[in-house]
Amino acid sequence: MNSLYEVLNASEAARLWGLDESTVRRAIWEGRIPFRKSGGVNLVTQTAMRELYGPMPTDNADEFISRYLTDKDVSAWHDEAEISPNVQALMDAVGVDCIQIWGHPDGPETLSINLC
């Protein structure tokens with residue numbers, strides 16, 4: 001898995017889990033979620049978020065995956081019907097075993113994604 005997908009800032013983590021940012025920050029301050037500070041930004045992992053708050057809501061996982069799909073991923077999906085390493089890393093990051101992609105192979109912005 002691409003470990004960069006595992007790391008989120010506290011604001012992004014809160015948005016992806018449908019939480020108020022203060023909820024995630026409070027969990028950090030109380031030591032309930034491990035974090036690392038980088039340039040004044042609190043960083044957390046998706047694994048830690050899942051352990052504390054459960055799986056990422058499906059709609060947000062769809063958004064997370066579609067945000068990081070590349071044109072190369074989409075072309076591979078349409079041309080070869082295979083999952084590219086990047087798509088697999090994104091699926092691993094949000095903890096799903098299956099995705100369905102519909103749309104035109106011209107790019108991620110024209111796609112619809114469904115987790116199955």
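Do any trypsin sites (Lys or Arg not before Pro) in the stretch 20-72 lie in a loop, going by DSSP, with at most 14 other beta-carbon atoms within 10 Å of their beta carbon, and if so which?
Loop-located and lightly packed - Arg32.
Would you order Trp29, Trp17 from fewest to most other beta-carbon atoms within 10 Å of each residue's own beta-carbon?
Fewest to most other Cβ atoms nearby, the residues stand as Trp29, Trp17.
Full extension from Glu21 to Asn60: what is 0.36 nm times the residue separation minus their Cα-Cα distance, to one decimal in nm?
Stretched out fully, the Glu21 to Asn60 stretch lengthens by 12.5 nm.
Let's see if you can work this out: charge +1 on each Lys and Arg Cβ, -1 on each Asp and Glu Cβ, no other charges. What is the dipole magnitude of the stretch 1-54 about its Cα centre, in debye to the nearest 20?
120
Kindly provide log₁₀ I(q)/I(0) values, in the same order as q = 0.31 Å⁻¹, from the Debye equation applied to equal alpha-carbon scatterers of the stretch 1-54.
Treating every Cα as an identical point scatterer, log10 I(q)/I(0) equals -1.46.
Values quoted throughout were computed directly from the atomic coordinates according to the rules given, and no laboratory measurement underlies them. Small disclaimer: the values here were computed from a predicted structure and weren't measured. Glycine also receives a Cβ, built like all others from the backbone with ideal geometry; neighbour counts cover every protein chain displayed.
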